[in-house]
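The values are calculated or read from the model by the stated rules, or taken from the named source; none is laboratory data. Source: prediction; values computed, not measured. Positions of Cβ are generated from backbone atoms using ideal geometry, with glycine treated the same way; all protein chains shown enter the neighbour counts. Each accessible area value is taken on the protein alone, full model and side chains, heavy atoms only, with ligands, DNA and RNA left out. Shrake-Rupley method; radii C 1.70, N 1.55, O 1.52, S 1.80 Å.
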Amino acid sequence: MVDAVLATSFQAQQQTGPDRRQIHAKSHGLVWGEFIIEPNLPEALRVGLFKTPQTYPAWIRFSSGGSPEKRGKFRSDRDPDGRGFAIKVLNVAGNKVLSDEENTQDFTLNNWPTFFVNDIQGYSDLFHAGSGELPPERMQELQLSYGIIQRLGSQKVGNPLLIQYWSMAAFRFGDRVVKMTVKPQQPEISPETLPESENYLREAIVEYLTEKGKDAYFDFMIQFYVDDDKTPIEQLTQEWKEEDSPFIKVATVRIPAQKFNFDERQRLDEGMFFTPWHTLSEHEPVGSLNVARKKIYEELANYRRENIAKRLREPQPHTDVRDEPAN
């Protein structure tokens, strides 16, 4: 099933731009920041990255979840979509699950507490739902997924710096299991109307961090697994309720006022690879969908990076690369 999803993704990526991400393609900004471990954590929370109180440098990427609309053109920020928050913590020593980055710890989060499918089968079926290949009873089962996607996309986001994000899937926390969230210390009131600009989310971050010169702060919190009924690991469409498993703050994400909206930063953004499998072994992803994400994320990133390198190393004719303007 993973290979089938990859084949479909490679085909779509070839059409919309082989040197672009297939998911979370549109960036609203790659910014630098700090990942500050809470001082005086109880012994039970001093695990892995959170073992010692210190401040780590970090890169944080804000994005929209979908693929490009077509080659050379991203979707409008006004279109319904999920919004992503990816953290790459730097200078992290320890035993890593993947070997391609020696000193990083990644966290990938989205602005909805649940995933829209429970497993890779559901993910694959969503790819083929419009082809008429699925039986009516399976299409009916997918209505739950469509409902989550609709609710996720219908949220009005005015500024990515001022909304909450969740890991959706579960991760090890030493010998226990958790989910994670980042919550702004100054959350926004959901706007009634959205700006007309197709790129208003990047513009909102520019206004906040660069023009107004304000810092942004998020609380990084965890929820512990309780049991399979209240906090299931494999039922990713079921929310872990705060009343069943309260959030516990373990770190602060600080994004200082800065300039980030320039070409060199955007080139760094395009070459960067975020995956929850860039991790210390103490925080390894768990659950079947996370296992599938390991191969999917890695191979799509390698495919994208190889296409970037190949176009520079050995340019191809225009007819082969189909490098056309967006309009």
Residue-span extension gain [ARG176 to ALA44] - 0.36 nm each, minus C-alpha spacing = 46.5 nm
Set the Förster distance to 51 Å, then compute FRET efficiency between ASP227 and TYR146 from the Cβ-Cβ distance, nearest 0.05.
-> 0.95
Which value results when the Cα radius of gyration for the stretch 1-149 is divided by 2.2 N^0.38 Å?
-> 1.28
Rounded to the nearest whole Å², what accessible area per residue is found for the chain with the 1.4 Å probe?
-> 48 Å²
Of LEU144, LEU134, LEU194, the most mobile residue in a GNM of the chain (C-alpha springs, cutoff 10 Å) is LEU134
Inter-part distance where the stretch 169-217 and the stretch 1-80 are each reduced to a Cα centre, Å | 13 Å
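Count neighbours as other Cβ atoms within 10 Å of each site's Cβ, and list the trypsin sites (Lys or Arg not before Pro) in the stretch 184-237 that are DSSP loop with at most 11 such neighbours.
Listed in order of number, the matching sites are LYS212.
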Charge dipole magnitude, Cβ of K and R +1, D and E -1 - the chain, Cα centre, debye nearest 20 = 700 debye
Would you compute, from DSSP H runs of 4+ residues alone, the mean residue ellipticity of the chain at 222 nm, taking -39500 (n - 2.57) per run and dividing by the full residue count, rounded to the nearest 500?
-> -8000 deg cm²/dmol
Can you give the Rg and Dmax of the stretch 177-219 based on its C-alpha atoms, in angstrom?
-> 13.4, 42
The longest stretch of the chain containing none of the GluC sites (Glu not before Pro) that sit in a DSSP loop with at most 14 other Cβ atoms within 10 Å is 1-101
Taking each full run of DSSP H in the chain as one helix, which ones are at least 20 Å long along their axis (Cα atoms) and have mean Kyte-Doolittle hydropathy of at least -0.5?
-> 2-16
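Just in the stretch 260-295: which chymotrypsin sites (Phe, Trp or Tyr not before Pro) are loop by DSSP and have at most 16 other Cβ atoms within 10 Å?
PHE262
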Of PRO135, PRO246, PRO195, which has the largest mean-square fluctuation in a 10 Å C-alpha GNM of the chain?
-> PRO135
Considering only protein heavy atoms, what is the solvent-accessible area of VAL206 at a probe of 1.4 Å, reported in Å² to the nearest 10?
-> 20 Å²
Taking the chain as a Gaussian network, Cα atoms linked when under 10 Å apart, which of ASP19, ASP219, ASP100 shows the biggest mean-square fluctuation?
-> ASP100
Given the stretch 218-301 reduced to its alpha-carbon atoms as identical point scatterers, what log10 I(q)/I(0) does the Debye formula return at q = 0.26 Å⁻¹?
-> -1.24
Report Rg (one decimal) and Dmax (nearest whole number) for the stretch 1-50, counting Cα atoms only, units Å.
-> 19.3, 51
For the stretch 50-113, what log10 I(q)/I(0) values come out of the Debye formula at q = 0.28 1/Å, with one point per alpha carbon and no solvent?
-> -1.19
Take the Cα atoms of the chain, build their convex hull, and give its volume per residue in Å³.
-> 153 Å³
Mind listing the long-range amide H neighbours of VAL177? Cut-off is under 5 Å, sequence gap 5 or more, other chains count too, H placed in the peptide plane at 1.01 Å from N.
-> TYR225
The stretch 184-327 shape via C-alpha gyration tensor axes, a/c threshold 1.5 | oblate
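If you take the square roots of the eigenvalues of the alpha-carbon gyration tensor of the stretch 274-314 and sort them as a ≥ b ≥ c, do you get rounded (a/c under 1.5), prolate (a/b over b/c) or oblate?
Since a/c reaches 1.5 and a/b is larger than b/c, the shape of the stretch 274-314 is classed as prolate.
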